[in-house]
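To keep things clear, I will list the structure first and then write my remarks on it.
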Amino acid sequence: MDIALRYPFWFGKNGLLSLIVIVSALGYFVDVYDLVLFSTVRIASLTDLNVAKDDIFSTGVFLLNCQMAGMLLGGLLWGIIGDKYGRLTILFGSILMYSLANLANAVASSVDQYAILRFIAGVGLAGELGGAVTLVSEVMDKSKRGYGTAIIAAIGMMGAVAAALVAKMVDWRAAYFIGGILGLFLLILRLKVVESGMFAEVRERESVKRGNLTMLIWPPKRLLRYVAGILIGVPTYFTIVIFMTFAPELTAALNATAPIAASDAVILLYVGLCFGGIGSGLITQKLRSRKKCLGLFITGMMLLSTVYLNSPDGMSWLWFASLTIGLGFFTGYFCVFVMLAAEQFGTNIRALTATSTSNFVRAASIPVAASYAFFKDADMPYENGAMIIGAACFAVGFIGLIFVHETFERDLDYIDD
């Protein structure tokens, strides 16, 4: 008997291990690999490009902001394309763009080239997760979308661990080259993925407006829901920027007993993120609620951040590792949050919502990093600056939860007008 017929829950056309889910998860793996790679090679690459030691921090912030600015633009661009021309258009176009940008990054010879290529890669990266979550949410049975999210998160988050390990084994140029090749290989695998049936039906209805940006800002109730969806995800990038990208500087300020490398923070945080991605997907199914699950994870993240930033003088490696993994676990709700955003709106603007929401959240790293740099320049202790930024991020996260709709098991076959 065909395995898909015998075990439809797992291997059926829309099962948890179907081609669409696995290819989406692998796409997120490559997405996270590239997204995190800069954090792991920041110091080595800028040193190789002859950036002065005293300028590495500020130059790193600038390049991170270039990448995130590209993602902000790309989130809108790919969302509009996905709703007008199809979910597969996002998955093919975005991965091709950031794969080629990675290959070019491998031969960058100046900070200016580095910045341009990080911006282009950011535009490409912007479409991956939102497009994948939109497609999976539309093809899977509404009763198991949370499980699909768990698989995407579990496989995808390991891309960061891969980036950190690769950065330890090869130089920064080879690490970017590997990322580009992985993306092109995945592009080939996607040739067998089929379009969302929901979208295909809507596309045939010529009177339906699709991918219309103005529909997200009018009427005001819809705009409020859209903005609230963005706010829920903001705390995740507080954790990623403060406790991962700038972990070497923060732990040094906390008098860690041994130097902490960015690659170590990446591995530990994303191991936690992997388990958190699985956990958030399973918990949202168990609680039968997206909002309760997200509230639980934001609360856990807030409590552990407070403990981390108030660590006693002389932070040990074990203490650092335990807190970083724990923070990663509670930060692992990202895929559930993106799915909640996708489920808030109709098929005709769902891709735009999912891709733009996820990337507006990622772009939150710009004010977070800029604020951190501002507090540093003002000679404020690293941990004190982080506490101020964290308080603001967690506050907006809880505010966002108030205004979104519960969407567990919502039927997504509808349009917004």
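The values are calculated or read from the model by the stated rules, or taken from the named source; none is laboratory data. Note that the structure is a prediction, hence the values are computed from the model and not measured. Note: ideal-geometry Cβ built from the backbone for every residue, glycine included; neighbour counts use all protein chains shown. When the accessible area is computed, the model is the full protein with side chains, heavy atoms only, and any ligands, DNA or RNA have been set aside. Shrake-Rupley method; radii C 1.70, N 1.55, O 1.52, S 1.80 Å.
Key figures
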| read-out | value |
| --- | --- |
| Residue in the range 271-297 that is modelled with the lowest pLDDT, counting only those that are surrounded by 24 or more Cβ atoms within 10 Å (Cβ to Cβ) and among the aliphatic types (A, V, I, L, M) | 273 |
| Of the criteria (1) touching an Asp or Glu at 6+ places or on another chain (Cβ under 7 Å); (2) assigned to a helix (DSSP H, G or I), which one residue 210 fails | (2) |
| Any hit, the range 223-244, residues being assigned to a helix (DSSP H, G or I) and surrounded by fewer than 17 Cβ atoms within 10 Å (Cβ to Cβ) | yes |
| Filtered residues of the range 40-94 (kept if of a type in the set (Lys, Arg) and under 24 Å from residue 107 (Cα atoms)) | 42, 53 |
| Sole residue being part of a helix (DSSP H, G or I), aliphatic (A, V, I, L, M) and surrounded by fewer than 21 Cβ atoms within 10 Å (Cβ to Cβ), chosen from 174, 167, 163 | 174 |
| Conditions (1) aromatic (Phe, Trp, Tyr); (2) free of Cβ contacts under 8 Å to residues at least 60 places away in the same chain; (3) in contact with a Gly (Cβ under 9 Å, 6 or more places away or on another chain); number of the one not met by residue 319 | (3) |
| Unmet criterion (only one of (1) over 29 Å from residue 332 (Cβ atoms); (2) among the aliphatic types (A, V, I, L, M); (3) in contact (Cβ under 8 Å) with a residue 60 or more places away in the chain) for residue 76 | (1) |
| Conditions (1) without any contact (Cβ under 8 Å) to a residue 60 or more places away in the chain; (2) under 21 Å from residue 337 (Cβ atoms); (3) over 19 Å from the mean Cα position of the chain (by Cα); (4) open to solvent by less than 50 Å² (accessible area, probe 1.4 Å); number of the one not met by residue 305 | (1) |
| Answer residue from the range 383-417, given it is of a type in the set (Phe, Trp, Tyr) and outside any helix (DSSP H, G or I) and is nearest to residue 250 (Cα to Cα) among those | 408 |
| Members of the range 383-399 found to be more than 17 Å from residue 308 (Cα to Cα) and surrounded by 22 or more Cβ atoms within 10 Å (Cβ to Cβ), listed by number | 397 |
| All positions within the range 259-270 that are more than 15 Å from the chain's Cα centre (by Cα) and either surrounded by 20 or more Cβ atoms within 10 Å (Cβ to Cβ) or among the hydrophobic types (A, V, I, L, M, F, W, C) (or both) | 260, 261, 262, 263, 264, 265, 267, 268 |
| Leading residue by the ranking (farthest from residue 292 (Cα to Cα)) among those in the range 313-324 that are among the hydroxyl-bearing types (Ser, Thr, Tyr) and assigned to a helix (DSSP H, G or I) | 322 |
